[in-house]
1. Is it fair to say E251 is surrounded by fewer than 22 Cβ atoms within 10 Å (Cβ to Cβ), assigned to a loop (DSSP other than H, G, I, E, B) and among the acidic types (D, E)?
2. Give region 61-80 a look and list any residue that's under 32 Å from the mean Cα position of the chain (by Cα) and touching a residue at least 12 places away in the same chain (Cβ under 8 Å), or say none.
3. Only one of (1) assigned to a helix (DSSP H, G or I); (2) surrounded by 13 or more Cβ atoms within 10 Å (Cβ to Cβ); (3) at pLDDT below 95 fails for R77. Which number is that?
4. Hey, any hits in region 333-340 for a residue that's out of contact with any Ser or Thr (no Cβ under 8 Å at 6 or more places or on another chain), under 21 Å from K270 (Cβ atoms) and touching a residue at least 60 places away in the same chain (Cβ under 8 Å)?
5. Could you figure out which of (1) open to solvent by 70 Å² or more (accessible area, probe 1.4 Å); (2) over 24 Å from the mean Cα position of the chain (by Cα); (3) free of Cβ contacts under 8 Å to residues at least 12 places away in the same chain isn't true of H282?
6. Quick one: what pairs do we get from region 256-276, first residue outside any helix (DSSP H, G or I), second among the acidic types (D, E) and modelled with pLDDT of 95 or more, C-beta under 6 Å, 6+ apart or different chains?
7. Does any residue in region 93-105 that is touching a residue at least 24 places away in the same chain (Cβ under 8 Å) and assigned to a helix (DSSP H, G or I) come within less than 9 Å, Cβ to Cβ, of a residue that is among the hydroxyl-bearing types (S, T, Y) and loosely packed, with under 13 Cβ neighbours inside 10 Å six or more places away or on a different chain, and which pairs are these?
Amino acid sequence: MTESGNQEEPMTENPTGATPTDPWADIRPYRDDEVAAVLANLAGNRELLDALTRYRLPRLSRTLPWLARALASYAIRRETRGVASVHDFQMRVAYYMNRMIRTSTDDFRVEGLENLNADTAYLFIGNHRDISLDPAFVNFALHQAGRDTVRIAIGDNLLKKPYVTDLMRLNKSFIVPRALRGKRAMLAAYQNLSSYIRHSIVEDNHSIWMAQREGRAKDGIDRTDPAIIKMLTMAHRMEQRNAPIGDAIAELRMVPVSISYEYDPCDLQKARELHAIHSQGHYEKSEFEDIQSIVAGITGHKGRVELRFGEPLGAGFDTPEAVAAEIDRQVIGGYRLFPSHYLALEALGDAPELLDLSEVSDVDRARFQARLNEVPAELRSWWLAQYANPVRNKAAQLAGRNLGGA
């Protein structure tokens, strides 16, 4: 659903606990009446202040840390002045999102949203390439179209710091369990999560975004995990044990979403991780690696980005695997292939019959070569595969088969 890994159990702080009247208090996004207190806590959170000053005031944070923290605290209070609701907070996020798109993308296009009812909640389930930007682009597209934003599924492995949890829940994120031990505890947590998602769609009429699998597709291969589908249908099946799975799918109004980046700002880090797993059998993340990936994704150049909304899934499914296959069909079918994808395939030289260089310009080739030149030799095959695999995957789908690996 979101990024995962073998990390220490996350620390989270919640202003409330689950109660009969608020059964999802431990995982749901914050409500409007909680915003002021959360923002006040953030402005005084020493870990957050130290993290901000390390990035923005590195010299001052070393020489006069107390002054650096005071300046950071003042900046938070200034930036959030007048923020009294989740909507207010998201409008501040939208300002920075708009600036990010202007400075780090060459173009951002949205397709298919016009075919979805503006007043209907959907469960948007899509491919996952960037920790924070995939749902952020979905939210920005909805905001630009005058629609309400989504509630975002985020794994608790990303929430190792209380201030990160607070920031994410202010931005309408809800928590997906990853760190629990034992099958019974995980089953109870997933049943609770399934109930929350169903409640959001059916009762609150509030859309959800979640990834088609746990963790980013670091190899460029987008594939839905049927276990995600099983979790999503738990709540319906607990209420109506003999109901067909298709009824639960139709009730949730699942809409596959494809996001395509011409360039991935985290491509080198992903190649390094894949190479380590292949050569050493494992990869150990550094303490702040996920945060660094989020920052790199936001600030790094992405070239062109395209977001395509698919068609809602109906009741005609008998198994989770059939649902996953349909999501894959729409996600891969809606994926936009850019020159970077074909140039990577050309550089690998192993599938010339799939090449289409008709839209590749000299500028495209020069830009691609400049990025490739910065990749260490031992990582190049992994770096190139991230961009080449979507071409192979589309071709495999058109040929009526699934791509088995990188």
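1. no
2. A68, R69, L71, A72, S73, A75, I76, R77, E79, T80
3. It fails just one condition, (3).
4. Checking region 333-340: at least one residue is out of contact with any Ser or Thr (no Cβ under 8 Å at 6 or more places or on another chain), under 21 Å from K270 (Cβ atoms) and touching a residue at least 60 places away in the same chain (Cβ under 8 Å).
5. (2)
6. I259/D134; S260/E306
7. M100/T299; S104/T299
The values are calculated or read from the model by the stated rules, or taken from the named source; none is laboratory data. Keep in mind that what you see is a predicted model, and the values were worked out from it rather than measured. Quick reminder, even Gly has a Cβ in these numbers, built from the backbone with ideal geometry, and neighbours come from all protein chains shown. Surface accessibility is based on the protein's heavy atoms, side chains included, excluding ligands, DNA and RNA. Shrake-Rupley method; radii C 1.70, N 1.55, O 1.52, S 1.80 Å.
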